[in-house]
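Student: Just dropping this structure here.
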Amino acid sequence: MNGNATWIWYPGDFEIRLHEKMSVQRRARGVMYPAYWRLDRHYSNIQFRYTYDLEREERIAIAAEGTFSLFLDGKDNCRSNETQFTLPAGRHEITVSVFNDAEAPALYIDGPTVRTDSSWEVTSYQYEWKNAGSWTFDDPACPPSRFRLSTTPLEPVGQERIDGFPLLDFGRETFGYLRFHNVTGSGAIRVYYGESRAEALSPDECMSLDRFEAADAAARSDNGIYTLAEAKAFRYAWIHADAGVRWDEVTMLYEFVPVAYRSSFECSDPKLNRIYDMSLYTLHLNTREFFLDGIKRDRWVWSGDAYQAFLMNYYSFFDLDVTRRTLIALRGKDPLTRHFNTILDYSLYWFISLYDYYLYTGDFEFIRQYYDRAVGLMEFVLKQRNEEGLLEGRPQDWVFVDWADFQNTGAVSAIQILLVRSLEAMRLFAGRLGDEEAAASYGAMADEIKETTFRLFWDDARGGLLHHRVDGETKPTLTKHASMFALTYGYLSSEQRRSVIDNVMLDPGVPRIRTPYMRFHELAALCESGKHDVVRGELLSYWGGMIELGATTFWEEYDPALADDEHYGMYGVAFGKSLCHAWGAGPIYLLGKYFLGVVPTSPGYETYRVAPNLGGLSRMKGTLPLGRGRISLEMDLSSIRIESTAGMGTLAIASAEPPACDAGEVRAAGDGHYEVTIEPGRNYCISYRSAL
């Protein structure tokens, strides 16, 4: 066995237990506000096994998170719970039972050659043996339950006194723990946090607060520093204290995942540059143990939000640890009784997220490990097809689609399009695993549901897919959602694409999309149709509008018609809106995939396509991850420079005249379009003439 010993556990249980703990950390004015769906738990009683073959005996060290017992060769009446054990020479099977009802049971064994890693097998005593789960925990003194994010000290950038009390400003939205230095005196200290200045200055309405006694803080200080127990999302902190209470200063511990910023974007429009940089910071703040929806509210893992965060991550940090943890936590345990986050469409986003994971990473082993859970989820979903073969929500399901003023009763067309895409993902997975019968079945269902959807929902006169069908009658409501998903997933003919763009996406008579959540998909669909100039304008007006109002991260929702502090309210709560929401970071994906134009065409960027589009800019440049490699591109109205370190790429450009390339052959692709093969490790300079 090569490599260091690592802690191992039942696959998924570390992530599921971590998710359970995370899902109850939200607070509403200091009171617990847990997620309102089932929180799954780890298996408390598990067993590991491993077969070795040694030329000579070997001494191993054993650590367990929980109580354990070890025996050899099935002799379970001869067990040991000693932390040191001598393995006899020859071929033998080690079995270790571990029990822990508080944390996920885990095992660590280290010897000269016998060490725990993912090649060990584990069972939950349900007639299954699986490869053990593991990560980077290789210290026997630091078991998985001690996993914590990184922290670093930060100081406020400004301070003023309001009504005699200090208001601290940390300069931009952040997340972490306030720290009081050298607290003295007797009395209470009260802290009112705000993502906005107005929120912090509203003690009766702010969403986050703290209260503690100065004497307790002094007693619990470490080297004179008292660190509050719970992290908060805030920019401002207004601190009230009883008379006689003093401290030297207040700082914070910023808590974060130390991701690598592997992407960049810079162009001729300074506002767009600022939008991109702020999007990266917004996503980073929400990239934590999992991809969260928002760091103040809800601090939960929502599948629809995560679907977008995954895609943004592939065009920025390419952090696969957070991605895998999130996918595992969302799926949870069997038996399934409700949809993910109680939302029908959110179960479907999980399949599509799995497909995207495979496409961007090429990691099929992860798909293989969780394929049985995908099969189980699909079986659960398909039970809800109606007599027409369409998927409907049950009375207990939330059919969400978007925050919008429309009815989601009956069979909703957007749900059918998401189901088709999900079945296509399952067809791919089953085919890769050699289950041709299952692949054919998934494919046939996808084709059938797609045909039924277009037959029952497509309206030639309106030029798009109508919204829903109730009791065998398609209602006349036209919305953008189903049509834009169908366009993005390539389900429309060229004539239907033109119709959807003109009659649905760009028609002001069709209800507009209010949230960055669905604007993400709306603007992607417009880019798919070459409307980059329209998208650039929307980025500048919508996301730029938030910046003009003083945002330092992007919000859950933005309505330019609102005034002043009205912007901060949502759900009937004065400061209920999240001002740092992951789905607000959509420009990362839009600018990376559609402006820089980089898309994998085979799993893990073995091959990829680059179709840069200035979209009305005069110049742009950027860097994006290609899996473990990278690609750099610079473009203006007459030249393109490109260099990559991985995969085989195809540069696709439009030019008013045949381009010239200093390092490769230019191939005509018809209708003023040209292609150049991009090999890793070579620099290419292409001269062309913009057709615009």
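The values are calculated or read from the model by the stated rules, or taken from the named source; none is laboratory data. Note that the structure is predicted; figures quoted are calculated from it, not measured. When we count neighbours, we look across all protein chains shown, and the Cβ atoms used for this are built from the backbone with ideal geometry, even at glycine.
Student: Just a yes or no: is a residue in segment 368-377 acidic (Asp, Glu) and closer than 14 Å to residue 422 by Cα? I'd like the intermediate steps shown before the answer.
Tutor: The initial filter retains those residues of segment 368-377 that are acidic (Asp, Glu), namely 372.
Next cut, closer than 14 Å to residue 422 by Cα only: none.
Checked against the condition, which is being acidic (Asp, Glu) and closer than 14 Å to residue 422 by Cα, segment 368-377 yields no hits at all.
Student: For segment 16-59, what are the residues that are within 16 Å of residue 97 (Cα to Cα) and out of contact with any helix residue (DSSP H, G or I) (no Cβ under 7 Å at 6 or more places or on another chain)? Explain how you work it out, then say what you get.
Tutor: Looking only at segment 16-59, we keep the residues that are within 16 Å of residue 97 (Cα to Cα), and these are 42-51.
Across segment 16-59, the qualifying residues are 44, 45, 46, 47, 48, 49, 50, 51.
Student: Within the group 230, 249, which residue is at pLDDT 95 or above and touching a His at 6+ places or on another chain (Cβ under 6 Å)? Before the answer, list the steps.
Tutor: On the way: 230 fails: touching a His at 6+ places or on another chain (Cβ under 6 Å).
Selected residue: 249, the only one of 230, 249 that is at pLDDT 95 or above and touching a His at 6+ places or on another chain (Cβ under 6 Å).
Student: Another question about this same structure. Could you look through segment 11-25, keep only residues that are in a loop (DSSP other than H, G, I, E, B) and in contact with a Pro (Cβ under 7 Å, 6 or more places away or on another chain), and pick out the one that is nearest to residue 132 (Cα to Cα)? Lay out the reasoning, then the answer.
Tutor: Quick first cut of segment 11-25, residues in a loop (DSSP other than H, G, I, E, B) only: 11-12, 23-25.
Then drop every residue that is not in contact with a Pro (Cβ under 7 Å, 6 or more places away or on another chain), which leaves 23-24.
Details: 23: 25, 24: 27 Å.
It comes out as 23.
Student: Okay, next question. Residues being under 23 Å from the mean Cα position of the chain (by Cα) and not charged (D, E, K, R): count how many of those fall in segment 490-525.
Tutor: Going through segment 490-525, the residues under 23 Å from the mean Cα position of the chain (by Cα) turn out to be 513-525.
With not charged (D, E, K, R) added as a condition, the list becomes 513, 515-518, 520-521, 523-525.
Residues meeting the conditions: 10.
Student: What tally of residues in segment 612-624 results from selecting those that are among the hydroxyl-bearing types (Ser, Thr, Tyr) and part of a loop (DSSP other than H, G, I, E, B)?
Tutor: Taking segment 612-624 as the starting set, the residues that turn out to be among the hydroxyl-bearing types (Ser, Thr, Tyr) are 618, 623.
Pick out the ones that are also part of a loop (DSSP other than H, G, I, E, B) and you get 618.
Residues flagged as among the hydroxyl-bearing types (Ser, Thr, Tyr) and part of a loop (DSSP other than H, G, I, E, B) within segment 612-624 amount to 1.
Student: Could you check segment 106-133 and list, in sequence order, the residues that are in a loop (DSSP other than H, G, I, E, B) and either modelled with pLDDT under 95 or of a type in the set (S, T, N, Q) (or both)? It would help to see each step written out before you state the result.
Tutor: So the first thing to find is which residues in segment 106-133 are in a loop (DSSP other than H, G, I, E, B), and the list is 111-120, 124-129, 132.
Passing the criteria: 113, 116, 118, 119, 124, 126, 127, 128.
Student: Out of 473, 437, which single residue is without any contact (Cβ under 8 Å) to a residue 12 or more places away in the chain, under 21 Å from residue 399 (Cα atoms), out of contact with any strand residue (DSSP E or B) (no Cβ under 7 Å at 6 or more places or on another chain) and not basic (Lys, Arg)? Before the answer, list the steps.
Tutor: Details: 437 fails: under 21 Å from residue 399 (Cα atoms).
Of 473, 437, the one residue that is without any contact (Cβ under 8 Å) to a residue 12 or more places away in the chain, under 21 Å from residue 399 (Cα atoms), out of contact with any strand residue (DSSP E or B) (no Cβ under 7 Å at 6 or more places or on another chain) and not basic (Lys, Arg) is 473.
Student: Across segment 595-607, which residue is nearest to residue 558 (Cα to Cα) among those that are hydroxyl-bearing (Ser, Thr, Tyr) and surrounded by fewer than 24 Cβ atoms within 10 Å (Cβ to Cβ)?
Tutor: As a first pass, look at segment 595-607 and keep what is hydroxyl-bearing (Ser, Thr, Tyr): 601-602, 605, 607.
Imposing the further condition that a residue be surrounded by fewer than 24 Cβ atoms within 10 Å (Cβ to Cβ) reduces the set to 601-602, 607.
Numbers: 601: 35, 602: 37, 607: 38 Å.
Here the residue is 601.
Student: So for segment 681-691 (the condition being of a type in the set (A, V, I, L, M, F, W, C) and surrounded by 21 or more Cβ atoms within 10 Å (Cβ to Cβ)), does at least one residue qualify?
Tutor: Residues of segment 681-691 that are of a type in the set (A, V, I, L, M, F, W, C), as a first pass: 685-686, 691.
Next, from what is left, pick out any that are surrounded by 21 or more Cβ atoms within 10 Å (Cβ to Cβ): 686.
The answer is yes; a qualifying residue exists.
Student: Please go through segment 123-182 and give me each residue that is among the hydroxyl-bearing types (Ser, Thr, Tyr) and within 30 Å of residue 107 (Cβ to Cβ), ordered by number.
Tutor: Step one: filter segment 123-182 for residues among the hydroxyl-bearing types (Ser, Thr, Tyr), giving 123-125, 127, 134, 136, 145, 150-152, 174, 177.
Within segment 123-182, 123, 124, 125, 127, 134, 136, 145, 150, 151 qualify.
Student: Take segment 605-624 and flag every residue that is among the small types (Gly, Ala, Ser) and free of Cβ contacts under 8 Å to residues at least 60 places away in the same chain. Full working, then the answer.
Tutor: Let us first name the residues in segment 605-624 that are among the small types (Gly, Ala, Ser), namely 611, 615-616, 618, 622.
Passing the criteria: only 611.
Student: Would you pick out the residues in segment 137-189 that are of a type in the set (Asp, Glu), closer than 30 Å to residue 582 by Cα and out of contact with any Cys (no Cβ under 8 Å at 6 or more places or on another chain)? Lay out the reasoning, then the answer.
Tutor: From segment 137-189, those of a type in the set (Asp, Glu) are 138-139, 155, 160, 163, 169, 173; that's our starting set.
This time we only want the ones that are closer than 30 Å to residue 582 by Cα, so: 155, 169, 173.
Within segment 137-189, 155, 169 meet the criteria.
Student: Same structure, new question: Looking at this structure, is residue 144 under 28 Å from residue 289 (Cα atoms) and touching a helix residue (DSSP H, G or I) at 6+ places or on another chain (Cβ under 7 Å)? Talk me through it step by step, then tell me what you get.
Tutor: On the way: under 28 Å from residue 289 (Cα atoms): yes; touching a helix residue (DSSP H, G or I) at 6+ places or on another chain (Cβ under 7 Å): yes.
So residue 144 fits the description; yes.
Student: Just checking, does segment 353-371 include any residue being outside any helix (DSSP H, G or I) and either of a type in the set (Val, Ile, Thr) or modelled with pLDDT of 95 or more (or both)? First the steps, then the outcome.
Tutor: First, pick out the residues of segment 353-371 that are outside any helix (DSSP H, G or I): 362-363.
From what is left, the residues that are either of a type in the set (Val, Ile, Thr) or modelled with pLDDT of 95 or more (or both) are 362-363.
Checked segment 353-371: at least one residue is outside any helix (DSSP H, G or I) and either of a type in the set (Val, Ile, Thr) or modelled with pLDDT of 95 or more (or both).
Student: Looking at 324, 299, can you tell me which residue is among the basic types (Lys, Arg), outside any strand (DSSP E or B), in contact with a helix residue (DSSP H, G or I) (Cβ under 9 Å, 6 or more places away or on another chain) and more than 26 Å from residue 422 (Cα to Cα)? If you could, list the steps in order and put the result at the bottom.
Tutor: Numbers: 324 fails: more than 26 Å from residue 422 (Cα to Cα).
When all the criteria are applied, what remains is 299.
Student: Filter segment 140-168 down to the residues that are assigned by TED's automatic domain parsing to the domain that holds residue 63 and more than 28 Å from the chain's Cα centre (by Cα) and list them by number.
Tutor: 140, 141
Student: Go through (1) buried (at least 19 other Cβ atoms within 10 Å of the Cβ); (2) more than 26 Å from residue 577 (Cα to Cα) for residue 516 and report which single condition fails.
Tutor: (2)
Student: Within segment 134-165, work out how many residues are assigned to a strand (DSSP E or B) and surrounded by fewer than 17 Cβ atoms within 10 Å (Cβ to Cβ).
Tutor: Pass one, segment 134-165, residues assigned to a strand (DSSP E or B): 134, 150-154, 158-162, 165.
Filter once more, keeping what is surrounded by fewer than 17 Cβ atoms within 10 Å (Cβ to Cβ): 150-154, 158-162, 165.
Residues that pass the stated criteria total 11.
Student: Follow-up. Which residue pairs have Cβ atoms under 9 Å apart, sit 6 or more places apart or on different chains, and have a first residue in segment 625-642 that is on the phi > 0 side of the Ramachandran plot and in a strand (DSSP E or B) and a second that is crowded, with 16+ Cβ neighbours inside 10 Å and small (Gly, Ala, Ser)?
Tutor: none
A quick yes/no check of all residues on (1) free of Cβ contacts under 8 Å to residues at least 40 places away in the same chain; (2) of a type in the set (Asp, Glu):
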position: 515; (1), (2): no, no
position: 522; (1), (2): no, yes
position: 532; (1), (2): no, no
position: 546; (1), (2): yes, no
position: 551; (1), (2): no, no
position: 554; (1), (2): no, no
position: 560; (1), (2): yes, no
position: 566; (1), (2): yes, yes
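Student: Of everything in segment 26-50, what is part of a strand (DSSP E or B) and surrounded by 12 or more Cβ atoms within 10 Å (Cβ to Cβ)? Give them in sequence order.
Tutor: At the first step, the residues of segment 26-50 found to be part of a strand (DSSP E or B) are 27-28, 31-32, 45-50.
Correct list: 27, 28, 45, 46, 47, 48, 49, 50.
Student: Are there any pairs with C-beta distances below 7 angstrom linking a residue in segment 401-415 that is of a type in the set (Val, Ile, Thr) to a residue that is modelled with pLDDT of 95 or more and assigned to a helix (DSSP H, G or I), with the two at least 6 apart or on different chains, and if so which?
Tutor: From segment 401-415, the pairs are 401/345; 401/414; 401/481; 415/344; 415/345.
Student: One residue is enough: does segment 549-556 have a residue meeting the conditions under 24 Å from residue 611 (Cβ atoms) and either in contact with a Ser or Thr (Cβ under 8 Å, 6 or more places away or on another chain) or of a type in the set (Asp, Glu) (or both)? Step through it out loud before you land on a result.
Tutor: Of segment 549-556, the ones under 24 Å from residue 611 (Cβ atoms) are none.
No, that holds for no residue.
Student: Is it the case that some residue within segment 76-90 is of a type in the set (Asp, Glu) and assigned to a strand (DSSP E or B)? Please lay out each step first, then the result.
Tutor: As a first pass, look at segment 76-90 and keep what is of a type in the set (Asp, Glu): 76, 82.
When the remaining residues are screened for being assigned to a strand (DSSP E or B), the result is none.
No - not one qualifying residue is present in segment 76-90.
Student: I've got another one for you. Could you tell me which numbered condition residue 583 fails, if it satisfies all but one of (1) surrounded by fewer than 19 Cβ atoms within 10 Å (Cβ to Cβ); (2) touching a residue at least 24 places away in the same chain (Cβ under 8 Å); (3) of a type outside the set (Gly, Ala, Ser)?
Tutor: (1)
Student: Further, regarding this structure: Quick test of your reading of the structure: residue 103 fulfils all but one of (1) assigned to a strand (DSSP E or B); (2) among the charged types (D, E, K, R); (3) crowded, with 20+ Cβ neighbours inside 10 Å. Name the failing condition by number.
Tutor: Unmet condition: (1).
Student: List the residue pairs whose Cβ atoms are under 7 Å apart, where the first residue sits in segment 283-312 and is outside the structural domain of residue 196 (by TED's automatic domain parsing) and on the phi > 0 side of the Ramachandran plot, the second is of a type outside the set (Asp, Glu) and surrounded by fewer than 24 Cβ atoms within 10 Å (Cβ to Cβ), and the two are 6 or more positions apart or on different chains.
Tutor: Hits for this filter: 299/25; 299/26.
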